[in-house]
Amino acid sequence: MNTVVTALPYFQEQAERVASAINAEFIPYHSGLFSELYRTTQRIVAIMAIGIVIRNIAPLIHDKWTDPAVVVISPDMQYAIPVLGGHHGANDLVYLLQERCGLTPVITTATEATGREAVEVLANREHLRIVNTRSTRQANASVLTGNAKVYRVPGPGMVIAGSGVSFLVAEGPYSVGIGCRLGTSADEIVHAIHSACETAGISQEDIAIYATGSIKSHETGLLDAVRTLGRNIIFLNHSDLNEESPPSQSAASRFGLPGVAEPAALAVSVHHHLILEKQIYGNVTIA
C-alpha cells in the first residue's frame with residue numbers, strides 16, 4: 001500500500017522521521033500536491049494545520065470507496081487524526097503511527113469510538129469484499145445499536161435480504177446481473193453467462209456474486225444455474241433496483257423497474273460501473 005508523508009518546510013525533519021518509521025515516501029508540501037497525489041496514492045499523511053488539508057482535499061472528494069485515506073498529524077507531533085477514510089485505512093494508519101512514533105490517535109468514527117466493529121473493518125480483517133457498498137451506512141448504524149448480526153452462509157446458495165444487509169464475499173472483483181423469462185432452463189442461463197464472460201473478457205472465476213430481482217427468487221432454472229456455477233446469488237427488492245440508473249431501456253419498465261440485469265449488477269458492485277452493458281441471449285439478459 002503506497003503511502004506519502006508531506007509537511008510544511010518547518011516540519012520537514014519530523015516528516016522525514018515519520019516517513020522512515022512507516023516505510024512511506026516523503027514529498028515536501030507545495031501548492032497542488034494533494035491534487036497530484038489524490039488518484040495515485042492510497043494513504044496521505046500531512047503534518048500541518050488540519051484546515052490546510054481540508055481546503056486542499058474538499059474539491060477532490062468523490063466517494064469513500066475510491067478516495068485515499070488522509071491523516072493529519074498535529075504540528076506539535078502529539079496527535080494523529082484520520083480526516084478521510086477512517087474505515088478505509090486511515091484508522092489503521094493512526095494506530096501504526098501510535099505504535100511507531102508514539103502519537104495519540106484521535107478516532108472519530110462512531111463504531112470504533114464505541115468499541116464496535118464496522119462492516120468495512122470486518123471485511124478488511126477477513127480479506128473479504130463488500131459487494132453492495134451502499135448498504136454499509138444502514139448496516140453500520142445497526143452495528144452501533146447492537147442489533148447487527150453476522151451470518152455466515154456456506155455457498156453455493158441464495159440470499160434474499162433488504163437494502164441494509166451488507167454482503168461480504170471472498171471471491172473475485174466482478175458482479176453479474178441476470179434477467180430471464182419465466183421458465184428459462186438452467187442450461188440456457190449458464191450458456192448465457194459463459195457467453196457474456198467471453199464478451200467482457202473476464203474469467204468466470206473472477207465473478208464474486210450474481211444478482212437479480214426478488215421476483216425471480218422462485219425460478220427453478222435460475223436457482224439450478226447458480227448452483228451449477230458454484231456461486232451465490234442475491235435477490236434484490238424493487239426498491240434496490242429502482243435506486244439505479246442503468247443506461248439501457250428495459251421491458252421491465254412495465255413492472256415499474258428500470259431493468260433487471262443492469263440495475264442488479266450495479267446494485268451489488270463496488271465501483272457502480274458497467275464493464276458490459278445488458279446483453280440478450282435468447283431468454284436471458286446479462287450485465
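The values are calculated or read from the model by the stated rules, or taken from the named source; none is laboratory data. As the structure is a prediction and not an experimental result, all values here were calculated from the model. Note: ideal-geometry Cβ built from the backbone for every residue, glycine included; neighbour counts use all protein chains shown.
Exactly one residue out of 80, 15 is touching a strand residue (DSSP E or B) at 6+ places or on another chain (Cβ under 6 Å), in a helix (DSSP H, G or I) and of a type in the set (Gly, Ala, Ser), and it is 15. For residue 161, the conditions (1) out of contact with any strand residue (DSSP E or B) (no Cβ under 6 Å at 6 or more places or on another chain); (2) modelled with pLDDT of 75 or more; (3) surrounded by 15 or more Cβ atoms within 10 Å (Cβ to Cβ) are fulfilled apart from (2).
Taking the listed residues 277, 262, 188, the one that is crowded, with 24+ Cβ neighbours inside 10 Å, of a type in the set (Asp, Glu), modelled with pLDDT of 80 or more and outside any strand (DSSP E or B) is 262, with no other qualifying. So in the range 114-136, with the set limited to residues that are surrounded by fewer than 13 Cβ atoms within 10 Å (Cβ to Cβ) and either outside any loop (DSSP other than H, G, I, E, B) or among the β-branched types (Val, Ile, Thr) (or both), which one is modelled with the highest pLDDT? Selected residue: 114.
Checked against (1) surrounded by 20 or more Cβ atoms within 10 Å (Cβ to Cβ); (2) modelled with pLDDT of 85 or more; (3) of a type in the set (D, E, K, R), residue 227 passes all but condition (1).
When each of 268, 284 is tested for being at pLDDT below 85 and among the β-branched types (Val, Ile, Thr), the lone residue that passes is 268. The one condition from (1) assigned to a loop (DSSP other than H, G, I, E, B); (2) modelled with pLDDT of 90 or more that residue 182 does not meet is (2).
You will find that of 74, 31, the residue that is at pLDDT 95 or above, over 19 Å from the mean Cα position of the chain (by Cα) and among the small types (Gly, Ala, Ser) is 74 and no other.
Among the residues of the range 209-218, not a single one is modelled with pLDDT under 80 and either outside any helix (DSSP H, G or I) or of a type in the set (Phe, Trp, Tyr) (or both). When the range 34-62 is filtered for residues that are surrounded by 16 or more Cβ atoms within 10 Å (Cβ to Cβ), assigned to a loop (DSSP other than H, G, I, E, B) and more than 25 Å from the chain's Cα centre (by Cα), only 48 remains. Only one of the numbered conditions (1) aromatic (Phe, Trp, Tyr); (2) touching a Ser or Thr at 6+ places or on another chain (Cβ under 8 Å); (3) not in a loop (DSSP other than H, G, I, E, B) is violated by residue 95, and that is (2).
Cβ-Cβ contacts under 8 Å between residues 6 or more apart (or on different chains), taken from a first residue in the range 179-207 that is without any contact (Cβ under 8 Å) to a residue 12 or more places away in the chain to a second residue that is in a strand (DSSP E or B), are listed as 197/207. Taken over the range 201-224, the residue count meeting the criterion of being of a type in the set (Ser, Thr, Tyr) and surrounded by fewer than 21 Cβ atoms within 10 Å (Cβ to Cβ) is 4. Any idea which residue in the range 103-113 is surrounded by the most Cβ atoms within 10 Å (Cβ to Cβ), counting only those that are outside any loop (DSSP other than H, G, I, E, B) and polar (S, T, N, Q)? My answer is 111.
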